[in-house]
Every structure is written in structure tokens, then in C-alpha cells.
1. Can you work out which of the residues in the range 1-40 that are closer than 25 Å to His52 by Cα and hydroxyl-bearing (Ser, Thr, Tyr) is least open to solvent (accessible area, probe 1.4 Å)?
2. Which of the residues spanning the range 29-58 are at pLDDT 95 or above, farther than 15 Å from Lys7 by Cα and not hydrophobic (A, V, I, L, M, F, W, C)?
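The values are calculated or read from the model by the stated rules, or taken from the named source; none is laboratory data. Just so it is clear, the model here is predicted, and its values are computed rather than measured. Accessible surface is based on the protein model in full, side chains and every heavy atom, while ligands, DNA and RNA are left aside. Shrake-Rupley method; radii C 1.70, N 1.55, O 1.52, S 1.80 Å.
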Amino acid sequence: MNYQEVKSQLEALQMQLANKMQTPNLSIDEKNELQRAIANYDYIIELTCMNHFERGKSIH
């Protein structure tokens with residue numbers, strides 16, 4: 001799987017969570033959990049980009 005495919009899949013999953021946030025009958029806890037999951041996807045996408053463009057810190 002290449003970088004663009006991975007990034008697209010992660011963004012699609014994140015968008016699904018964002019769409020769930022629009023559900024009017026979610027509890028505060030459910031909304032908070034969705035927000036944390038969305039933030040996690042932001043972080044995973046950022047790491048994916050860093051890895052692809054080799055901008056991460058290299059430990060030897």
C-alpha cells in the first residue's frame with residue numbers, strides 16, 4: 001500500500017467519526033470519545049506524512 005492510499009484511508013476513517021459527531025442524541029461522553037479518536041487520527045496522519053517525507057527523527 002502506498003502513501004496516498006494509506007493517507008486516504010485514514011482520512012476516510014476520520015471523516016466517518018466526524019460525521020458521527022453530527023448525531024444529535026450522542027451523550028457528552030460519546031462526543032468526547034469521538035473527539036479523542038479524531039485527534040488520534042490527526043496524529044496518525046501526521047506521523048504517516050512524516051514517515052513518507054522522511055521528516056521524523058532518526059535514531060541510530
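1. For the range 1-40, the residue satisfying everything is Tyr3.
2. Asp29, Glu30, Lys31, Asn32, Glu33, Gln35, Arg36
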